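Worksheet: the structure to be examined is printed underneath.
The values are calculated or read from the model by the stated rules, or taken from the named source; none is laboratory data. Since the model is a prediction, treat every value here as computed from it, not as a measurement. Every residue, glycine among them, receives a Cβ derived from its backbone with ideal geometry; neighbour counts consider all protein chains shown.
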Amino acid sequence: MLHHSVLFKIIQGAHREHAVSTFVSLVGTCTALNCICRTVQQRAFYREYQTLVKNEFVNASSNMLSLSPFLHESRLSKLVGG
């Protein structure tokens, strides 16, 4: 699982008046983006996300159902089509 510490370091560095380095690595950027996306998904689609974590089918009344959602190994929900 990805660590939230990378995101914290990015945020902490943005608040410094004289940051040691303004360079953020590609891995750091991707890690932070995945963390943000996962958090948004967990909050915006709570029921669907919890269902996918349990490896169950999304409820038939969910708007996501037609998009064939699944949980990627990065624990981000992915949608197939529309």
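So which of 43, 75 is basic (Lys, Arg) and either loosely packed, with under 12 Cβ neighbours inside 10 Å or at pLDDT 90 or above (or both)?
43
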Worksheet item: Within the set of pairs 6+ apart or on separate chains, which have a first residue in segment 35-58 that is touching a residue at least 12 places away in the same chain (Cβ under 8 Å) and aromatic (Phe, Trp, Tyr), a second that is surrounded by 11 or more Cβ atoms within 10 Å (Cβ to Cβ) and in a loop (DSSP other than H, G, I, E, B), and C-beta atoms under 7 Å apart?
Response: 45/64
Worksheet entry | Single condition residue 33 does not satisfy, out of (1) at pLDDT below 90; (2) in the same structural domain as residue 5 (by TED's automatic domain parsing) | (1)
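For segment 65-82, name all the residues that are of a type in the set (A, V, I, L, M) and assigned to a strand (DSSP E or B).
As a first pass, look at segment 65-82 and keep what is of a type in the set (A, V, I, L, M): 65, 67, 71, 76, 79-80.
Listed by number, the list holds a single entry, 71.
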Discussion item. If I ask for residues that are touching a Pro at 6+ places or on another chain (Cβ under 7 Å) and of a type outside the set (A, V, I, L, M, F, W, C), which ones from segment 47-65 would you list?
Written reply: 48
